[in-house]
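As structure tokens, the structure follows; a few thoughts come after it.
None of the figures in this text is laboratory data; all of them are computed from the coordinates on show. Keep in mind the model is a prediction, meaning the values are calculated, not measured. FYI the Cβ positions are ideal-geometry reconstructions off the backbone, even for glycines, and counts take in every protein chain you see.
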Amino acid sequence: MIDVYSWATPNGHKVHIMLEECGLPYTAHAIDIGAGDQFTPEFLKISPNNKIPAIIDPDGPDGQPISLFESGAILIYLAGKTGRLLGKTDREKYEVLQWVMFQMGGLGPMLGQAHHFRLYAPEQIEYAVNRYSNEAKRLYQVMDKQLAKHAYLAGDEYTIADIASFPWTRSHKNQGIDLADYPNVQRWFDAISARPAVQRGVTVLADKRKPLTDDKAKDLLFGKSQYQKR
């Protein structure tokens, strides 16, 4: 039974979806990032960057427990553990991994910034809104061109590259994106949305998440509280 310390965010949902796709038994433990759970000493032991998700697998590679943080690393680990969703040949594996890195280094951070400056920034900064909204559009265009040639991001098979990226695209409207402008992304989005494991994964911990209206929660997520030495 894998212990998953997470929250209902795009990065959390990556791991929830992967576990559902692989049929691995797990227990989800809520780390309420709006309440500051990510800063507790217990959580920092397994996630020193104080970000969700993190996992503890009692049956690690050598039969001993292993704890992991960073959603991309967890996806790669679970793919290796199960022999699924990472390609069958070395060539396929690296094609998948490059698109996982595309999400980790570009799609996630940039869409997150677009979302933040469009919705949560205490003041509207036109330069920031334009910069990150335009970068979001560029990244969706990169995906659209790739998906014009293949059914999925890394080729014609569904992989962890798709699992990594899909949760971030669920909030496309908040990023200033109309999927009608990216028909290949729209087709891909609809296909993944229809997968039963994906539908189960995005409900994990979703009932515990509340709209971000509380000033204390905003400070914990975006303000000075997150920068305190711990």
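Measure up 14/81; 173/210; 137/218 against 23 Å on the Cα-Cα distance and list the ones that go over. Violating the 23 Å Cα-Cα cut-off are 137/218. Site pair residue 42 and residue 180 shows an inter-label distance of 4.9 nm when each label is modelled 7 Å from Cα along Cα→Cβ.
For the peptides 152-159, 60-67, 141-148, the ranking by packing is 152-159, 141-148, 60-67, with the highest mean count of neighbouring Cβ atoms within 10 Å listed first. With an a/c value of 1.5 or above and a/b not larger than b/c for the gyration tensor axes a ≥ b ≥ c computed over the alpha-carbon atoms, the stretch 1-134 is described as oblate.
Only the Cβ atoms of Lys and Arg (+1) and of Asp and Glu (-1) were treated as charged; on that basis the dipole of the chain about its Cα centre amounts to roughly 340 debye. From the alpha carbon centroid of the stretch 79-151 to that of the stretch 191-230 is 18 Å. With contacts taken as Cα pairs under 8 Å at a separation of at least 6 residues, the chain carries a relative contact order of 26 percent. This model, with +1 at the C-beta of Lys and Arg and -1 at the C-beta of Asp and Glu, gives the stretch 153-217 a dipole about its Cα centre of some 340 debye. Positive end of the dipole of the stretch 153-223 (Cβ unit charges, origin at the Cα centre): among 175, 220, 160, the Cα lying farthest that way belongs to 220.
For the chain, report the % of Cα-Cα distances exceeding 31 Å. Taking all Cα-Cα pairs of the chain, the fraction more than 31 Å apart is 21 percent.
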